[in-house]
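The values are calculated or read from the model by the stated rules, or taken from the named source; none is laboratory data. Only a predicted model underlies this, so the values are computations on that prediction, with no experimental measurement involved. Note that each Cβ is placed from the backbone with ideal geometry, even for glycine, and that neighbours are counted across all protein chains shown. We work out accessible area using only protein heavy atoms, side chains counted, and drop any ligands, DNA or RNA first. Shrake-Rupley method; radii C 1.70, N 1.55, O 1.52, S 1.80 Å.
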Amino acid sequence: MWDELIDYHCHLDLYPHFEQLILDCERKRIHTLAVTTTPRAFDRNYQLTKETKYIRAALGLHPQLVSKLAGEIEIWKDLLPRTRYVGEVGLDASPQHYGSFEQQKTIFAEILSCCSAAGEKILSVHSLRTAPTVVSMIEEYLENPTCKVVLHWFTGSGKQLEKAISLGCYFSVNAQMAVTHKQQEIIKQIPIDRLLTETDGPFTYSGGRPAQPTDVGIALNQIAKLRAMDKHEIKKAILENLKSLEA
Ligand code: MN
């Protein structure tokens, strides 16, 4: 299994060649979490991936879309029993989305409560400029210990990182994260047994085009370099982490 890779946060359905990417991930054995941004997108993702070995479709309601699509929380709730995987969900307090922040919190609380009530869910969570609130809300609303959170593109402080670690969170790291010294320090401080890799494609770039799951090895190389570890050791660790996350 050591030639397998992990892209635990990718928007496969936002590429024009969505179906081809599914085949690529299967053929190249890239464990991929296909996150969605609206509940209405889930069914097609599910249908196209349900027979695959390496791709899982996640049910999302992206915080950046909450101002327009808050009503779709009802569709999200109806679909939740169909999947173990939830994402992309979370909070976003960047200037263009701050106006819906209160509404985002209401929706995120509902999502966490529903997951906690159902149990056994794995959530890929967005926390841009909101790490303290996201982490506190996970603590408050996701009490069920059978649920697990993967904080995607985490940019919080060291203190928030520690709190998230104590709550059992995992962290999916992409190649575009290590741009600042602070971010590099965060990537170094994530416990090796909580690390995963992601691309967040098509929202990151690789060689001047949107990154694809097949580019996720770049994140692996960066983590290895930052932590001064052998790439194969990191790869082995993240594959073990995937096993324990999904156990
Ligand atoms: Mn994303």
| query | So is residue 112 part of a helix (DSSP H, G or I) and among the aliphatic types (A, V, I, L, M) or not? | reply | yes
| message | Pairs needed: first member in region 153-175, within 29 Å of residue 214 (Cα to Cα) and part of a strand (DSSP E or B); second member anywhere, within 16 Å of the ligand (Cβ to nearest atom) and among the acidic types (Asp, Glu); C-beta distance under 9 Å; at least 6 residues apart or different chains. | response | 172/7; 172/198; 172/200; 173/198
| Given the conditions (1) away from the ligand (no atom under 16 Å from the Cβ); (2) open to solvent by less than 10 Å² (accessible area, probe 1.4 Å); (3) closer than 30 Å to residue 217 by Cα; (4) aromatic (Phe, Trp, Tyr), and given that residue 76 satisfies all but one, which numbered condition is not satisfied? | (3)
| Selection within region 35-54 - touching a Ser or Thr at 6+ places or on another chain (Cβ under 8 Å) and within 16 Å of the ligand (Cβ to nearest atom) | 35, 42, 45
| message | I need every pair where a residue in region 198-214 that is more than 21 Å from residue 26 (Cα to Cα) and part of a strand (DSSP E or B) has its Cβ under 8 Å from the Cβ of a residue that is open to solvent by less than 10 Å² (accessible area, probe 1.4 Å) and more than 11 Å from the ligand (Cβ to nearest atom), sequence separation at least 6 or different chains. | response | 205/211
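Among 234, 190, which is under 24 Å from residue 24 (Cα atoms) and either acidic (Asp, Glu) or open to solvent by less than 30 Å² (accessible area, probe 1.4 Å) (or both)?
Numbers: 190 fails: under 24 Å from residue 24 (Cα atoms).
Checking each option against the conditions leaves just 234.
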| request: Look at region 136-152 and say how many of its residues are touching a residue at least 40 places away in the same chain (Cβ under 8 Å) and open to solvent by 20 Å² or more (accessible area, probe 1.4 Å). | output: 1
| message | Kindly evaluate residue 156 against the criterion of being open to solvent by less than 20 Å² (accessible area, probe 1.4 Å) and of a type outside the set (Phe, Trp, Tyr). | response | yes
| Looking at 111, 30, which one is away from the ligand (no atom under 16 Å from the Cβ) and open to solvent by less than 40 Å² (accessible area, probe 1.4 Å)? | 30
| query | Taking the condition at pLDDT 95 or above, more than 12 Å from the ligand (Cβ to nearest atom), open to solvent by 10 Å² or more (accessible area, probe 1.4 Å) and assigned to a loop (DSSP other than H, G, I, E, B), does residue 16 pass? | reply | yes
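Rundown of residues vs (1) under 19 Å from residue 149 (Cβ atoms); (2) open to solvent by 10 Å² or more (accessible area, probe 1.4 Å), yes/no style:
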| site | (1), (2) |
| --- | --- |
| 36 | yes, no |
| 43 | no, yes |
| 47 | no, yes |
| 56 | yes, yes |
| 71 | no, yes |
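Looking for whichever is polar (S, T, N, Q) and farther than 18 Å from residue 152 by Cβ here; the options are 64, 47. Which one fits? Can you show your working first?
On the way: 64 fails: farther than 18 Å from residue 152 by Cβ.
Residue meeting the stated conditions: 47.
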| So residue 181 fits all but one of (1) in contact (Cβ under 8 Å) with a residue 40 or more places away in the chain; (2) away from the ligand (no atom under 16 Å from the Cβ); what number is the exception? | (1)
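Among the candidates 91, 128, single out the residue that is under 18 Å from the mean Cα position of the chain (by Cα), open to solvent by 10 Å² or more (accessible area, probe 1.4 Å) and under 20 Å from residue 200 (Cβ atoms).
128
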